[in-house]
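Below: one structure, written as C-alpha coordinates.
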Amino acid sequence: MSTKVLEKNISLETLISIFTIDKGEIKVLLERVNDEPYKGYWMIPNTPLYKDMTIEENLLSYVNEELGLCNISLDQNKIFSDELVNDIRKISISYNGLIDSKTIELKKSEINNKELHWFLINEIPKMAYDHERIINCSIKTLKKKIKNTEMLKLLFPSDFTLPELQKIFELILGQELDRRNFRKKLISLDLIEDTNEFNIGCNGRPAKLYRFKDDIKEIDIF
(Lines give C-alpha, C1' and ligand atoms only; values in the text may rest on other atoms or scores of the structure.)
Protein backbone atom coordinates (compact mmCIF):
# COMPACT_ATOMS: atom_id res chain seq x y z
CA MET A 1 0.00 0.00 0.00
CA SER A 2 1.42 3.38 -1.00
CA THR A 3 1.51 6.19 1.50
CA LYS A 4 1.47 9.93 1.02
CA VAL A 5 3.64 12.31 2.96
CA LEU A 6 1.57 14.95 4.71
CA GLU A 7 2.83 18.38 3.69
CA LYS A 8 1.80 21.53 5.50
CA ASN A 9 3.14 24.11 3.05
CA ILE A 10 -0.15 25.86 2.46
CA SER A 11 -1.31 29.46 2.62
CA LEU A 12 -4.74 30.65 3.61
CA GLU A 13 -6.34 33.84 2.37
CA THR A 14 -9.76 35.43 2.25
CA LEU A 15 -11.06 37.24 -0.82
CA ILE A 16 -13.99 39.63 -0.93
CA SER A 17 -15.90 40.47 -4.10
CA ILE A 18 -17.70 43.66 -3.11
CA PHE A 19 -20.71 44.59 -5.24
CA THR A 20 -22.79 47.73 -5.41
CA ILE A 21 -25.46 49.22 -7.66
CA ASP A 22 -24.83 52.64 -9.15
CA LYS A 23 -27.33 54.29 -11.53
CA GLY A 24 -28.86 50.99 -12.54
CA GLU A 25 -25.50 49.23 -13.07
CA ILE A 26 -23.97 46.43 -10.99
CA LYS A 27 -20.31 47.12 -10.16
CA VAL A 28 -17.57 45.21 -8.36
CA LEU A 29 -14.54 46.59 -6.53
CA LEU A 30 -11.13 45.39 -7.80
CA GLU A 31 -7.53 46.19 -6.88
CA ARG A 32 -4.65 46.75 -9.32
CA VAL A 33 -1.60 44.47 -8.87
CA ASN A 34 1.71 46.28 -8.37
CA ASP A 35 4.10 43.29 -8.46
CA GLU A 36 5.39 41.05 -11.23
CA PRO A 37 4.51 38.80 -12.96
CA TYR A 38 0.99 40.28 -12.91
CA LYS A 39 1.87 43.96 -12.58
CA GLY A 40 -0.90 46.08 -14.09
CA TYR A 41 -3.48 43.29 -13.89
CA TRP A 42 -6.38 43.38 -11.45
CA MET A 43 -7.33 41.16 -8.54
CA ILE A 44 -10.07 40.66 -5.99
CA PRO A 45 -9.23 42.45 -2.71
CA ASN A 46 -7.74 39.86 -0.39
CA THR A 47 -5.84 39.36 2.83
CA PRO A 48 -3.89 36.53 4.50
CA LEU A 49 -5.73 34.70 7.25
CA TYR A 50 -4.07 35.44 10.59
CA LYS A 51 -4.07 32.85 13.36
CA ASP A 52 -5.39 35.21 16.04
CA MET A 53 -8.62 35.91 14.13
CA THR A 54 -11.56 33.94 12.85
CA ILE A 55 -12.26 34.11 9.11
CA GLU A 56 -15.08 36.60 9.63
CA GLU A 57 -13.05 38.77 12.02
CA ASN A 58 -10.13 38.76 9.61
CA LEU A 59 -12.29 39.79 6.68
CA LEU A 60 -14.20 42.51 8.52
CA SER A 61 -10.95 43.97 9.84
CA TYR A 62 -9.55 44.10 6.31
CA VAL A 63 -12.69 45.64 4.80
CA ASN A 64 -13.01 48.26 7.52
CA GLU A 65 -9.37 49.19 8.03
CA GLU A 66 -7.73 48.55 4.67
CA LEU A 67 -10.57 49.38 2.27
CA GLY A 68 -12.26 51.98 4.43
CA LEU A 69 -15.72 50.48 3.96
CA CYS A 70 -18.43 49.96 6.57
CA ASN A 71 -22.00 48.67 6.80
CA ILE A 72 -21.23 45.84 4.41
CA SER A 73 -23.14 42.56 4.17
CA LEU A 74 -20.92 39.46 3.88
CA ASP A 75 -21.82 36.03 2.55
CA GLN A 76 -19.40 33.12 2.09
CA ASN A 77 -19.30 31.99 -1.52
CA LYS A 78 -16.85 29.16 -2.20
CA ILE A 79 -13.42 27.75 -1.32
CA PHE A 80 -10.78 27.46 -4.07
CA SER A 81 -7.64 25.32 -3.73
CA ASP A 82 -6.41 24.74 -7.29
CA GLU A 83 -3.57 27.27 -7.35
CA LEU A 84 -0.02 26.16 -6.52
CA VAL A 85 2.55 28.96 -6.11
CA ASN A 86 6.22 28.06 -5.49
CA ASP A 87 5.17 24.62 -4.21
CA ILE A 88 2.75 26.24 -1.77
CA ARG A 89 -0.89 25.29 -2.00
CA LYS A 90 -3.01 28.45 -1.88
CA ILE A 91 -6.41 28.01 -0.29
CA SER A 92 -8.70 30.93 -1.02
CA ILE A 93 -11.93 31.44 0.90
CA SER A 94 -14.19 33.57 -1.26
CA TYR A 95 -16.84 35.92 0.07
CA ASN A 96 -19.37 38.18 -1.59
CA GLY A 97 -20.05 41.58 -0.09
CA LEU A 98 -22.95 43.94 -0.73
CA ILE A 99 -22.95 47.67 -0.06
CA ASP A 100 -25.28 50.37 -1.29
CA SER A 101 -23.76 53.20 -3.31
CA LYS A 102 -24.87 55.90 -0.88
CA THR A 103 -22.70 54.63 1.98
CA ILE A 104 -19.56 53.89 -0.03
CA GLU A 105 -16.64 55.80 1.44
CA LEU A 106 -13.29 54.80 -0.07
CA LYS A 107 -10.77 56.56 2.15
CA LYS A 108 -8.05 56.70 -0.49
CA SER A 109 -5.62 58.48 1.78
CA GLU A 110 -5.71 55.59 4.26
CA ILE A 111 -5.53 52.47 2.11
CA ASN A 112 -1.77 51.95 1.90
CA ASN A 113 -1.38 53.05 -1.71
CA LYS A 114 -3.93 50.54 -3.00
CA GLU A 115 -5.33 51.37 -6.42
CA LEU A 116 -9.00 50.47 -6.31
CA HIS A 117 -11.65 50.85 -8.98
CA TRP A 118 -15.31 49.93 -9.48
CA PHE A 119 -15.90 47.89 -12.67
CA LEU A 120 -19.14 46.96 -14.38
CA ILE A 121 -19.63 43.21 -13.96
CA ASN A 122 -19.85 42.75 -17.75
CA GLU A 123 -16.59 44.68 -18.26
CA ILE A 124 -14.17 42.81 -15.99
CA PRO A 125 -10.52 43.62 -16.87
CA LYS A 126 -7.63 41.15 -17.16
CA MET A 127 -7.33 39.38 -13.83
CA ALA A 128 -4.25 38.09 -12.01
CA TYR A 129 -3.70 34.64 -10.48
CA ASP A 130 -6.86 32.50 -10.58
CA HIS A 131 -9.08 35.48 -9.85
CA GLU A 132 -10.90 35.43 -13.19
CA ARG A 133 -12.42 32.09 -12.25
CA ILE A 134 -13.26 33.32 -8.75
CA ILE A 135 -14.85 36.59 -9.87
CA ASN A 136 -16.96 34.76 -12.46
CA CYS A 137 -18.18 32.42 -9.72
CA SER A 138 -18.94 35.38 -7.46
CA ILE A 139 -20.93 37.14 -10.19
CA LYS A 140 -22.87 33.96 -10.92
CA THR A 141 -23.76 33.62 -7.24
CA LEU A 142 -24.77 37.26 -7.04
CA LYS A 143 -27.12 36.95 -10.02
CA LYS A 144 -28.88 34.03 -8.34
CA LYS A 145 -29.32 35.77 -5.01
CA ILE A 146 -30.02 39.35 -6.09
CA LYS A 147 -33.55 38.38 -7.14
CA ASN A 148 -34.35 38.04 -3.44
CA THR A 149 -36.10 40.94 -1.73
CA GLU A 150 -33.68 40.93 1.22
CA MET A 151 -30.71 41.34 -1.14
CA LEU A 152 -32.46 44.12 -3.04
CA LYS A 153 -33.22 46.02 0.15
CA LEU A 154 -29.53 45.92 1.04
CA LEU A 155 -28.60 47.41 -2.33
CA PHE A 156 -31.54 49.81 -2.48
CA PRO A 157 -31.97 51.00 1.14
CA SER A 158 -33.37 54.34 0.01
CA ASP A 159 -35.23 55.81 -2.93
CA PHE A 160 -34.93 54.46 -6.48
CA THR A 161 -36.71 54.73 -9.82
CA LEU A 162 -38.44 51.80 -11.44
CA PRO A 163 -36.27 52.09 -14.60
CA GLU A 164 -33.18 51.68 -12.40
CA LEU A 165 -34.58 48.56 -10.78
CA GLN A 166 -35.81 47.16 -14.09
CA LYS A 167 -32.35 47.63 -15.61
CA ILE A 168 -30.85 45.46 -12.87
CA PHE A 169 -33.31 42.64 -13.50
CA GLU A 170 -32.76 42.82 -17.27
CA LEU A 171 -29.04 42.45 -16.62
CA ILE A 172 -29.33 39.42 -14.33
CA LEU A 173 -32.08 37.75 -16.37
CA GLY A 174 -30.41 38.47 -19.72
CA GLN A 175 -33.61 39.69 -21.34
CA GLU A 176 -35.66 42.83 -21.82
CA LEU A 177 -38.74 43.30 -19.64
CA ASP A 178 -41.92 45.13 -20.50
CA ARG A 179 -42.01 48.35 -18.48
CA ARG A 180 -45.70 48.21 -17.62
CA ASN A 181 -45.70 44.53 -16.70
CA PHE A 182 -42.63 45.02 -14.51
CA ARG A 183 -44.33 47.84 -12.59
CA LYS A 184 -47.55 45.84 -12.21
CA LYS A 185 -45.61 42.85 -10.85
CA LEU A 186 -43.89 44.88 -8.13
CA ILE A 187 -47.11 46.60 -7.12
CA SER A 188 -49.10 43.34 -7.10
CA LEU A 189 -46.51 41.77 -4.79
CA ASP A 190 -46.95 44.76 -2.44
CA LEU A 191 -43.17 45.30 -2.25
CA ILE A 192 -42.77 49.01 -3.00
CA GLU A 193 -44.36 52.31 -2.10
CA ASP A 194 -44.49 55.67 -3.85
CA THR A 195 -42.44 58.36 -2.07
CA ASN A 196 -44.38 61.13 -3.86
CA GLU A 197 -41.03 62.57 -4.94
CA PHE A 198 -39.09 62.73 -8.23
CA ASN A 199 -35.42 62.52 -9.24
CA ILE A 200 -35.40 66.06 -10.55
CA GLY A 201 -31.62 66.27 -10.92
CA CYS A 202 -31.41 63.71 -13.76
CA ASN A 203 -31.52 64.32 -17.50
CA GLY A 204 -34.83 63.97 -19.26
CA ARG A 205 -38.26 63.75 -17.69
CA PRO A 206 -38.19 63.38 -13.89
CA ALA A 207 -39.04 59.84 -12.79
CA LYS A 208 -41.03 58.86 -9.72
CA LEU A 209 -39.06 57.65 -6.72
CA TYR A 210 -40.05 54.50 -4.87
CA ARG A 211 -38.74 52.60 -1.89
CA PHE A 212 -39.11 49.05 -0.61
CA LYS A 213 -41.61 48.69 2.22
CA ASP A 214 -40.20 47.91 5.65
CA ASP A 215 -42.26 44.82 6.35
CA ILE A 216 -42.06 42.94 3.04
CA LYS A 217 -41.60 39.20 3.18
CA GLU A 218 -38.48 37.50 1.81
CA ILE A 219 -39.24 36.17 -1.67
CA ASP A 220 -37.59 35.78 -5.04
CA ILE A 221 -39.21 38.32 -7.37
CA PHE A 222 -38.42 36.28 -10.51
Query raised in the report: Under a 1.4 Å probe, what is the accessible area of the stretch 120-190 per residue, stated in Å²?
Result: 55
Query raised in the report: Share of antiparallel DSSP beta bridges in the chain, in percent to the nearest 5?
Result: 70
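Considering only protein heavy atoms and a probe of 1.4 Å, how much of the accessible area of the chain is carbon and sulfur, as a whole percent?
Numbers: 6200 of 13440 Å².
Taking all protein chains in place, the chain shows 46 percent carbon and sulfur surface.
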Query - Ellipticity estimate at 222 nm from DSSP helix runs (n ≥ 4, -39,500 (n - 2.57)) divided over the chain, nearest 500 - result: -7000 deg cm²/dmol
**Report entry** Distance between the stretch 145-213 and the stretch 50-89 - C-alpha centres, whole angstrom
**Finding:** 32
Query - 4 °C / 1.567 mPa s Stokes-Einstein diffusion coefficient of the stretch 60-160, Kirkwood radius on C-alpha pairs, µm²/s - result: 83
Requested in this report: Putting +1 on Lys and Arg Cβ atoms and -1 on Asp and Glu Cβ atoms, find which of Leu74, Thr149, Ala128 reaches farthest to the positive end of the dipole of the stretch 74-170.
Outcome: Thr149
Report summary line: Checked the stretch 133-204 against the a/c 1.5 cut and the a/b vs b/c comparison, axes a ≥ b ≥ c from its Cα gyration tensor; verdict prolate
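Run the numbers on the stretch 1-81 and let me know its relative contact order in percent, using alpha-carbon pairs under 8 Å that are six or more apart. Kindly include the intermediate steps, with their values, before the conclusion.
Values: 65 pairs, mean separation 18.3, N = 81.
Computed value for the stretch 1-81: 23 percent relative contact order.
Tell me, what is the percent relative contact order of the chain, built from C-alpha pairs under 8 Å that lie six or more residues apart?
Numbers: 339 pairs, mean separation 47.2, N = 222.
Relative CO of the chain lands at 21 percent.
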Query raised in the report: When the Kirkwood radius is taken over all Cα pairs of the chain, what Stokes-Einstein diffusion coefficient follows at 10 °C and 1.306 mPa s, in µm²/s?
Result: 82
Query raised in the report: What are the residues whose amide H is under 5 Å from the amide H of Lys208, where those residues sit 5 or more places off or on another chain and H is modelled from the backbone?
Result: none
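Mind scanning Lys23/Lys217; Lys114/Lys144; Lys51/Lys126; Lys140/Lys208; Lys114/Lys208 and naming the pairs with a C-alpha gap bigger than 28 Å? List each step's numbers first, then the result.
Values: Lys23/Lys217 25 Å; Lys114/Lys144 30 Å; Lys51/Lys126 32 Å; Lys140/Lys208 31 Å; Lys114/Lys208 39 Å.
From Lys23/Lys217; Lys114/Lys144; Lys51/Lys126; Lys140/Lys208; Lys114/Lys208, over 28 Å: Lys114/Lys144; Lys51/Lys126; Lys140/Lys208; Lys114/Lys208.
At a 10 angstrom cut-off on C-beta neighbours, averaged per residue, how do the peptides 125-131, 14-20, 30-36 rank from highest to lowest?
Working: 125-131: 17.6, 14-20: 23.3, 30-36: 14.7.
Packing order, densest peptide first, comes out as 14-20, 125-131, 30-36.
The values are calculated or read from the model by the stated rules, or taken from the named source; none is laboratory data. Computed from a predicted model, the values in this text were never measured in an experiment. Neighbour counts run over all protein chains shown; Cβ positions are idealised from the backbone, glycine included. To get the accessible areas, we keep the full protein, side chains included, count just its heavy atoms, and leave off ligands, DNA and RNA. Shrake-Rupley method; radii C 1.70, N 1.55, O 1.52, S 1.80 Å.
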